[in-house]
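Supplied in structure tokens, the structure appears directly below.
The values are calculated or read from the model by the stated rules, or taken from the named source; none is laboratory data. Here the structure is a predicted model, which means the values were calculated and not measured. All Cβ positions, even for glycine, are placed from backbone atoms using ideal geometry, and neighbour counts span all protein chains on display.
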């Protein structure tokens with residue numbers, strides 16, 4: 001009996017649960033961060049620290065850095081996934097509840113599938129179209145709250161644009177030669193961190209240090225467990241389970257974010273928000289996660305393509321951890 005047939009073992013399930021918990025927690029930690037730090041400065045600082053840690057791992061293990069086409073792919077991946085995605089996300093989460101931001105971020109697998117169809121990397125599926133319609137209906141319900149001032153529409157659009165950048169990052173990785181996931185992400189995160197700091201300087205942000213203990217805690221968490229730890233655990237679990245199984249993280253992370261934001265940030269869960277969340281997550285499930293044959297279990301000892309952007313949700317799209 002192979003890994004596919006017997007399912008994940010206990011250690012794999014524990015890692016899967018830890019990734020879902022950390023991914024959902026990231027949205028709440030970012031919310032704390034942007035309440036005390038300018039967004040691009042906060043995001044850039046986080047990734048510079050994470051890049052230093054990853055590059056230290058690369059040096060310790062003497063892993064070869066990407067070259068040629070693989071380097072070009074890593075650079076483009078860094079620009080889309082760690083610069084554009086996070087710049088838009090950190091901007092959006094200043095005015096959006098963490099739970100709503102997480103729900104909108106969960107559209108990445110669905111958007112990845114739609115982009116793959118448009119760019120002729122995958123065949124069209126009716127489930128994808130139905131899922132997109134359902135998810136858009138959920139977003140429309142959410143945006144309908146703008147009239148009473150409860151929803152900031154520019155932030156909703158920024159979060160969706162960020163999700164689109166994250167989705168396209170997965171397509172980019174599929175078009176370029178692959179390398180070791182640690183080195184690819186070390187390069188991409190370093191580029192993202194530097195470009196975010198450049199953006200911070202160009203927009204006149206203050207490079208002030210956190211003034212509250214909660215902000216220090218959130219930044220420290222995001223730079224270590226929320227980025228490096230999440231990435232390592234995700235790769236570990238993906239090596240021991242199927243890509244389709246791991247793709248369910250995109251449904252679970254927003255649930256964690258909603259529960260934590262309601263508990264720690266006192267964010268209200270209204271009927272409008274609950275209806276919108278249900279439709280967006282249902283659309284993502286129907287369009288990107290359901291109705292697919294499971295990919296063969298990965299049993300090699302070498303890490304496979306890494307951080308989540310909807311691995312098999314799009315016949316094996318790339319990977320980047322949410323927030």
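May I ask you to verify whether residue 197 is surrounded by fewer than 20 Cβ atoms within 10 Å (Cβ to Cβ), under 21 Å from the mean Cα position of the chain (by Cα) and touching a residue at least 60 places away in the same chain (Cβ under 8 Å)?
yes
If you don't mind, another one. Give the residue that is farthest from the chain's Cα centre (by Cα), with candidates limited to residues of segment 69-120 that are without any contact (Cβ under 8 Å) to a residue 60 or more places away in the chain and outside any helix (DSSP H, G or I).
Per the criteria, the residue is 120.
One line per residue, one yes/no per condition, for (1) surrounded by fewer than 21 Cβ atoms within 10 Å (Cβ to Cβ); (2) touching a helix residue (DSSP H, G or I) at 6+ places or on another chain (Cβ under 8 Å); (3) at pLDDT 90 or above; (4) part of a helix (DSSP H, G or I):
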{"residue": "159", "(1), (2), (3), (4)": "no, yes, yes, yes"}
{"residue": "162", "(1), (2), (3), (4)": "no, yes, yes, yes"}
{"residue": "177", "(1), (2), (3), (4)": "yes, yes, no, no"}
{"residue": "187", "(1), (2), (3), (4)": "no, yes, yes, yes"}
{"residue": "205", "(1), (2), (3), (4)": "yes, yes, yes, no"}
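Take the residues of segment 128-138 that are at pLDDT below 85 and surrounded by fewer than 20 Cβ atoms within 10 Å (Cβ to Cβ): which is farthest from the chain's Cα centre (by Cα)?
Residue satisfying both the conditions and the ranking: 129.
If you don't mind, there's one more thing I want to ask. Consider segment 30-52. How many of its residues are assigned to a helix (DSSP H, G or I) and surrounded by fewer than 17 Cβ atoms within 10 Å (Cβ to Cβ)? Don't jump to the end; show me each part of the working.
Taking segment 30-52 and keeping what is assigned to a helix (DSSP H, G or I), we get 30-34, 39-52.
Filter again for surrounded by fewer than 17 Cβ atoms within 10 Å (Cβ to Cβ), leaving 52.
Here the count works out to 1.
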